[in-house]
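Mind looking over this structure? Questions follow.
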């Protein structure tokens, strides 16, 4: 009987873990409400999202171009991650006012720093428009014909949708194109930096600790959204007022303990949970290793240069972090897929799928050829996909002059295809982007990266995918020699010359580019890849996507007992879980909490990843934690089982009562595969504890004005220390 009882306990434990999988659309959370409340949630799905009333979703916003943020005060104050605000903080930093190194705390509205081009976007409505978008579509259409009809229907939906003049519309596909939703959005364009810890806190551990646990990073930054007199979006103006949100999150001093319910709401970028075994195997064994090789070589050059020179480190800090992030991610993803035999498990699932359709004549007729066709297509697309990955990583992601050459080539094409007026319009669009590249550009670093990557490319890629200028230029030379020859004679590294040419007669720009060997090399390589790789790849990929749409449809029919959620696509989602530790490998168990003690254990004076300020050391030695500490210790980070991915960075971690208890900022390395193969044992998200955020703002930053602006709550006990934050902390019933 004890054995039977244990079996039932384990069964329900596993079912509980599996229930935590998924990134759910907030407008359909009623189907998950019972699960969430069984796990400890005390609020309702209606409080999270309501079509008719304000709720928690109204506090959540897209930050910039790819992160999440949340409103935390009635005066437009916003929390997000430090790494999400990193570009903005870097753009405001100089050697004289280095906010990355020293931090920044505005003590009044007047001291807040405008960030040019930074936006914050809220979701006003989510509307199912599947019937309108799929009108006129039938199963006899090719993938191209189907998409053409859908594109026209989407345009019609957007033209006919009711919206205010300040709102924008987006139609997004779900379930691989089986369902479509319209998102009505409002974007605010006046966003200002209100506070940031120094990167010794906000980026503590940097790339060494990235994707790793235990973690000790205070990954947060603070901005404020401004609006016009009517609380509507406006360009920056000194007359603008702090935005009044429909909802903002109270910040809890309760903290979290093992087993506590946690909810994350944000904008995850992309997942592929329903990939076939063929796709997973290709990603694990071919596509990921190709991209890892390129980034590893580029990062080695950058790291060596950054360690030698502080000015170079400041210029390349954001670029290095961006490149390193997915380099490490892909390595962890492939390792996890191997460890959990993802390909084998997918094959078992596909075998059951095949068995079920064979047992049902109606399903067999419609879906019998799906998996065999996908298997053939993935075998065909893999080799050219690897070439595409190598080429894209080198010429578009890791070498800046070839990126600039690509942009200029686009402008040339616009002029030749659409005329001078269109050229002038697009030229102004690209001006800020080019200026951003040049602002932190170092020709010496870029030249060395290019040389190393040319050696890598020509060694690993068949000559038929190497353009003639590269083959001739590399003949009898190293990549270093080839790079030196190109970089010593190119005008592309001179921002002033490029700016002058763009502001002058187009014929002068064309003549200069015609005589530039680096530009011509980039152009020749692009044309070769477009003709011999991209065309074939895009045709096969379109076929795959069309079959995957049908496979998604088929799975939902074949497995009616399974609860399906749509893959992430940068739209608003909810994931829920619990605070928990994990066992990454045999004999190793991780608890779900870290403390300031761990920061001091990792502390290395003068090391750019693990240095800390004297003030933080002093606060630690005195144990001066105020109301933010717990049993004489200062909590820093915690783990929870919420499923998050890129785009969720900065998402609020919300407790059972709807209060902010942390900010999501990373996942564990062993769980990076969760975006394509979820396993509850290792799908752990890393959160910065809200109490550490408040501690840094208050005790280190001395930004009492920001603390006073927050609504701080506490459920477990009255707060009686003589601290300004505690004077307003509210005790509420559990």
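The values are calculated or read from the model by the stated rules, or taken from the named source; none is laboratory data. Remember, predicted model here, so these are calculated numbers, not experimental data. Heads up, the Cβs are rebuilt from the backbone with ideal geometry, glycines too, and the neighbour counts pull from every protein chain shown.
Give me the residue from the range 577-618 that is in a helix (DSSP H, G or I) and free of Cβ contacts under 8 Å to residues at least 24 places away in the same chain and, out of that set, farthest from residue 307 (Cα to Cα).
Among those that are in a helix (DSSP H, G or I) and free of Cβ contacts under 8 Å to residues at least 24 places away in the same chain, it is 618.
Being part of a loop (DSSP other than H, G, I, E, B), surrounded by fewer than 17 Cβ atoms within 10 Å (Cβ to Cβ) and not assigned by TED's automatic domain parsing to the domain that holds residue 685: is that true of residue 237 here?
yes
If residue 667 passes every condition in (1) within 19 Å of residue 204 (Cβ to Cβ); (2) surrounded by fewer than 24 Cβ atoms within 10 Å (Cβ to Cβ) but one, which one does it miss?
Condition (2) is where residue 667 drops out.
Oh, and also: Identify the single condition in (1) in the same structural domain as residue 620 (by TED's automatic domain parsing); (2) modelled with pLDDT of 95 or more; (3) more than 28 Å from the chain's Cα centre (by Cα) that residue 587 does not satisfy, given that it satisfies every other one.
Only one criterion is unmet by residue 587, namely (2).
Which one is nearest to residue 72 (Cα to Cα) among residues in the range 240-256 that are assigned to a strand (DSSP E or B) and in contact (Cβ under 8 Å) with a residue 60 or more places away in the chain?
Checked the range 240-256; the qualifying residue nearest to residue 72 (Cα to Cα) is 251.
Given the criteria surrounded by fewer than 16 Cβ atoms within 10 Å (Cβ to Cβ), in the same structural domain as residue 371 (by TED's automatic domain parsing) and at negative phi, does residue 471 qualify?
So residue 471 fits the description; yes.
Another question, then. Please specify each residue of the range 207-234 satisfying the condition of being at pLDDT below 95 and not in a helix (DSSP H, G or I).
Answer for the range 207-234, where residues must be at pLDDT below 95 and not in a helix (DSSP H, G or I): 210, 211, 212.
To continue, here is another question. Checking residue 673 against (1) in contact with a strand residue (DSSP E or B) (Cβ under 7 Å, 6 or more places away or on another chain); (2) farther than 17 Å from residue 218 by Cα: exactly one of these is not met. Which one?
For residue 673, the exception is condition (1).
Any residue at all in the range 208-228 that's more than 30 Å from residue 593 (Cβ to Cβ) and surrounded by fewer than 18 Cβ atoms within 10 Å (Cβ to Cβ)?
Yes.
Here is a list of conditions, (1) touching a strand residue (DSSP E or B) at 6+ places or on another chain (Cβ under 7 Å); (2) assigned to a loop (DSSP other than H, G, I, E, B); (3) buried (at least 22 other Cβ atoms within 10 Å of the Cβ), and residue 271 meets all of them except one; can you say which number that is?
Single failed check for residue 271: (1).
Being within 24 Å of residue 425 (Cα to Cα) and in contact with a helix residue (DSSP H, G or I) (Cβ under 6 Å, 6 or more places away or on another chain) narrows it down to one residue among 453, 509; which is it?
After ruling out the rest, the residue left standing is 509.
Report whether or not residue 542 is surrounded by fewer than 19 Cβ atoms within 10 Å (Cβ to Cβ) and touching a helix residue (DSSP H, G or I) at 6+ places or on another chain (Cβ under 7 Å).
Answer is yes for this residue.
From the residues in the range 40-54 that are outside any helix (DSSP H, G or I) and modelled with pLDDT of 95 or more, which one is surrounded by the fewest Cβ atoms within 10 Å (Cβ to Cβ)?
So, considering only residues that are outside any helix (DSSP H, G or I) and modelled with pLDDT of 95 or more, the one surrounded by the fewest Cβ atoms within 10 Å (Cβ to Cβ) is 42.
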